[in-house]
Structure formats: structure tokens, C-alpha cells
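Contents: one structure, followed by commentary.
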Amino acid sequence: MNLRDTLNFLLYDWLDAPTLTQRPRFAEHSRETFDAVMDTCERIARERYAPFNRVVDTEEPRTVTEPDGSLRVVLPQATHDARAAYAESGMLAAAQDYEHGGMQLPYLVEAAANAFFGKASISIGSNLLTVGNANLLMVYGTELQKAVFAANQFNGRWAGTMCLSEPQAGSSLSDITTRATLEDQDDPLGPRYRLKGNKMWISSGEHELTENIVHLVLAKIPGPDGKLIPGVKGISLFIVPKRLVRVESPHPGPLPHAGEGENGSAPLRVILGPRNDVALAGLNHKLGWRGTTNTLLNFGEGQFKVDGEAGAVGYLVGQPHQGLRCMFHMMNEARIAIGMAATMLGLAGYEASLDYAKTRTQGRPVGPAGKDPSQPPVRLIEHADIKRMLLIQKSYCEGALALLLYCAKLVDEQHTGDAAQADEARLLLEVLTPIAKSWPSENCLEANSLAIQIHGGYGYTRDFPVEQYWRDNRLNMIHEGTHGIQGMDLLGRKVLMEEGKGLQLLAARIQATIAKAKPQPALAAHADALAQALARVGAATKAAWATGEPTEALANAVPYMQAFGHVVLAWIWLELSLAAGATKDEAHCAGVAGATSYFYRYELPKIDAWLRVVESRDMTCANMPEDAF
């Protein structure tokens, strides 16, 4: 099956996306409108993204020095054209209200449609931060911040970033030192501060694809003694635009709120001003995602002084010292998006290696017939080990895609369901988000490695795309929080929060699937295996925390997450088997059945080794003396 057929099965045969149109927010939609969005995105990805995936990989972002000494980023024309086509499609505002220029599209359909871009070229298709930035502002920003900074990202005029890491701090946000000093409490755009500091690993931190860039920056406000508050408690969040803006209204009196006038911002004139004191210090040249600019940014070092003073102008978002809480809204979106990016790269490699295996001839069959050198060679796909590697890729990548779309539907339930549905969806997302980010980024990377293996020596060359897919995907194990961070989040917080309610809800859903599968002879053994695995995860969770010592419990957080993820994916494949049984596509049913059998027989048994060290709170790794290395 191609990607469109797979998405149609997941959206319509499994998740029943049209039922969402029964909810008031999506009432004007239908399967026809969903298909129209999918058609548009598939076409743009095919025409504007896929043909240029290698171009943006080889023609990396570069800088030229301007007369004023600043650095300007140069990108291939293909990147400009692709970004413009995406913005014109309206997909940046797909989930937003009609009154804000959006489509009020279910996030489930938005995520499925965006999958085409991730598969076609992840380097070009990285608009996720702009949408996440604007979505955060719609939750925590003032009405004017929404009308100015969010609206102009949704309409495509501006782009967005998130600026968290610093050169000396990495993922340890408690150690950031960027400072924000209050300048004007009563600025219409929000309390105005001056920021000074450096931020590292900023994706799309500098470019000329849009007329402005909205940086969301974490910084600390000094305490009464002028010192920065240690830890995460002192962190606040700020809007720091690349170019300053002035907002005018044709009406006398205070500036209007968003929603007054057509599209929420018609009464406003947003005028771009001079450069803010945000300067590009240099580019990071990564293993993959080479088409996406990745930057080191200096805030407030005086290269572009504002009103004659050094210091980048920033506007407070939300309340002081609540910056991390606000930013997690964007980070959680980004984590699911990274899981989708990893999945689509895995699927791209799977399709490439499947096509190669069907056409490349090499070797002869095992057995007497294969000993006759006069017989013609067979296609790669006729070898059992090639089929093994293809099955691994299929089970990993299509299973991961199903999981991520399941999470996308939970987002819709959280935002449009009744109070009980919304709360249940929230808790399930809390538990599943670390898995949705980390499981695909580890296992779909392995799928890319197997795609190279199937190509043999050709897989290492740039004549075939699979080496680029692997390079692009290797970044996703680190993007938006490493495996170690996600594992500690899952075992140290998510499965424990609210007395384990999220874990209990997930277990109930898995048990409901087991109950549906058990009466079916072809699925009964899988259902029994899943029941045993689920019980094992529950027991391991309790055993890990038996002593109440975080050092012991979290020493094997990553093996716990690997096992947990495998159980979740086994559940997903059992769900897909149940859904496939209701279709009449024999080839598709055989594909789902084969992938499910493979996962249960080859993958699910791996959890035993992972959970054994969790249950015993094994300290082999934690206690290894430094000198012994």
C-alpha cells in the first residue's frame, strides 16, 4: 500500500474520522472536505517538496556578511517556493477558528495531511515550530499578542521558533542564564523587557523565508537582589521578534482586541520596524535535516541597538516565572511532531527499499534449485532475510504512524469532547507523549538502517536516498528531549501522576481491545500475549518504585520506556488487525496480519530483558565507577 492508502485505512476504517463531524466545531466538514485537504497536501508535497529533497541536503544553508557586519542566511530557491506553497494552502492555520482565518480542521486530519510533507522532505517541511509557537500564544498570549504575533504566523507572513537551550546548559533548563530586565510594564504588546544571553540549536532561527521571525525565548527575571533565581522557578517566557513592530488602529482609544473586525485583526495596522537586537552568531552544520537552518543566536549584545541601547526587546507571555509551564504546551506538540517526522522518514526508507527489493535481482533460492548456476538470479524480495527486514520496517513504521494518529485524535477529544472525555484524553496524552516521541525516533531509525542494508553497498552511496533518510532520522533521537529525558518523564512522572490514573486509563483501553480480540481464533494467542505483557508492565512499574528511591527507580528508565513502547505498539497492531478484518482488501488484510504476527513473535518477547532490570532495580549502569571506563 502507498502512503495515501495507509492513511485512508487509519483515518476511515480504524479511527472513523468522519464521526468527528458530529461535534459542533467540525460540523461543516465531511469526508469530502477531509479528502480535499489530503489531495491538496499530497499534490504540494509531490510537486514542491519531494523533487528537491536532495537539493536542500547538498545546498546547505550558508551565510554571507552584510555591509553592517551582520550575517545573512542564503537558502536554495526551492525552499522559498515550497514554504510559499505551504503557506498558501492554509495549512498553517488548519486547526484555527474560522474567525481567525482557519479551517477548524480536526487535528487528526491535519496531522495525516502533514505526513505527506514529512515523507517528501523533512528538511523543507519543518513548519512545526511556527504552528506550535502560534498555538502557544493562542493559549497564553494577550488578545493583542494573538492578533499581532499569532495571526501573522498563521497567515504565513511570519515564522516562529522556540529558544530554550544555551551553549553551557544544553537540556538542563534550570541552568540557563539569559536575563530579562523590565523596561516598561504598560506597553500595549505586553510588559516589555530587555533580554541578554545566547541561545543554541535554534531551528529556523534566521532566514529570509518570511518578513519577520517570532522567537519565543526562555529567560530569567532577576529577583529583588538583582540575582537570577536558581533552578526552573525563575524562568519566564518572552516574545522576541527579529524585527520590531508597531501596532496602529484606525479608531481612537485603546488598541482593539482580537476578534473585533474581519479575521480578528482587520482593524489593526501592524508596521514592521527596525531590527531587534537579535544577531546570528553562526550556523550549526548537522548530520541531517541539512535544509533547515540551525543557529546560535545572540540576544542583546548590541549589534542592533534599539533606541541606542543594547538589549533585545521582548514581551512577557503569561505570568512572570511561569515560562516553563507555558513552553511545555509547545514542547509537547513538538514532541509528537518529532515522532511523526521520525515515522515518515522510516516510511520513506521502507518504500524505497521495498521497491528496490522488488526490482533488484541477486542470488538464487536456497535448496537444490539454487545450486544450478545456469538458473537466472531471483529478486531480492524472494529471500527470507530480505522479507524479515521489510517486515521489521513495516511493523515499526506503519505501527508508529497509527500510534501518532491515535494521539492526534486524543487531541481532538481533549479540545472538543465533554468534560469527562476531555480529561481522559488529557491523561492518556500525558502517558503516551514520551512514547509517541521516542519509540518512533528509535525504531524507525532502525528501519532506515535496514533500508540501507537491503540496498547493500549501494545503500551507502548518494545515488540512492536511503542514506539521507538515515542521516535525517538520526537527529530525532535527540530532538525535543533525548531518550533519557523521555524515559525519566514517563517512569518518574507520567505513570505516577494523579495516583496513576493515566496509566490505569491506558490499561483499560488495552484490556478492551484484548476482550474484542480473544473470541477471534486468529487473534486469540496475540490477545493472551498482550494481556501478559500488560500485567508485566504494571508489575514492573510497582517494583521500580518499591523502595521509593528515585535513584533506584529511574536507573533503568530507558529500558522501561522501551518495554512500555513495545506493549503500546503491540496493542496498536491488535487494534489494526481488528479493523482490517472488517475490510474486503485481501492484500491489505494479509499485510496487517503479517506485521501483527511478526511483532508479537519477534518483538514483544524483547520486553522480558528490559523489564527484568527494571523490576530488580539493577544498578549495574548507575554504579559503574568512572575510572572503570
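The values are calculated or read from the model by the stated rules, or taken from the named source; none is laboratory data. Being a predicted model, the structure only gives us computed values, none of them experimental. Cβ sites come from the backbone with ideal geometry, for glycine too, and all protein chains shown count toward neighbours. Side chains included, ligands, DNA and RNA excluded: accessible areas come from the protein's heavy atoms. Shrake-Rupley method; radii C 1.70, N 1.55, O 1.52, S 1.80 Å.
Summary table
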item	result
Met624, Met1, Met91, reordered so the largest accessible area comes first (probe 1.4 Å)	Met1, Met624, Met91
Linear extension gain, Gln532 paired with Ala590, 0.36 nm per residue minus alpha-carbon span	18.3 nm
Kirkwood Rh and Cα Rg combined as Rg/Rh, segment 42-174	1.01
Estimated FRET transfer efficiency (Val55, Ser171; beta-carbon r; R0 30 Å; 0.05)	0.40
Helical contribution to [θ] at 222 nm, DSSP H n ≥ 4, -39,500 (n - 2.57), averaged over the chain, rounded to 500	-15000 deg cm²/dmol
Residue-count net charge about Pro320 - beta-carbon cut-off 11 Å; Lys, Arg +1, Asp, Glu -1	+2
Cα pair distances of segment 119-220 binned at 5 Å [whole percent]	2, 12, 19, 21, 22, 16, 6, 2, 1, 0
Qualifying trypsin sites (Lys or Arg not before Pro) in segment 421-483, DSSP loop, other Cβ atoms within 10 Å at most 14	Arg462
Cα-projected label distance for Asp186 with Ala384, points at 7 Å along beta-carbon direction, nm	8.2
Column: log10 I(q)/I(0), Debye, Cα scatterers of segment 297-402, q = 0.12, 0.15, 0.21, 0.25 Å⁻¹	-0.68, -0.82, -1.07, -1.21
Rough spin-label spacing in nm, given labels placed 7 Å along Cα→Cβ, for Glu143 and His80	3.9
Percent carbon-and-sulfur accessible area, the chain, ignoring ligands, DNA and RNA, probe 1.4 Å	52
Sequence of Trp201, Trp571 when ordered by accessible area, the most exposed leading, probe 1.4 angstrom	Trp201, Trp571
Long-range Cα-Cα pairs in segment 338-457 (distance over 24 Å), rounded percent	44
Largest to smallest principal axis extent of the C-alpha atoms in segment 527-571, angstrom	34, 17, 8
Volume in Å³ per residue [convex hull over Cα atoms, computed for the chain]	189
Label-reachable residues, segment 589-618, where backbone N falls under 19 Å from a point 7 Å from Lys542's Cα toward its Cβ	608, 611-618
Per residue convex hull volume, Cα atoms of segment 527-607, in Å³	76
Mean separation of Cα contacts under 8 Å (6+ apart) over length of segment 405-449, as relative contact order %	32
Accessible surface, the chain, averaged per residue in Å² (probe 1.4 Å)	41
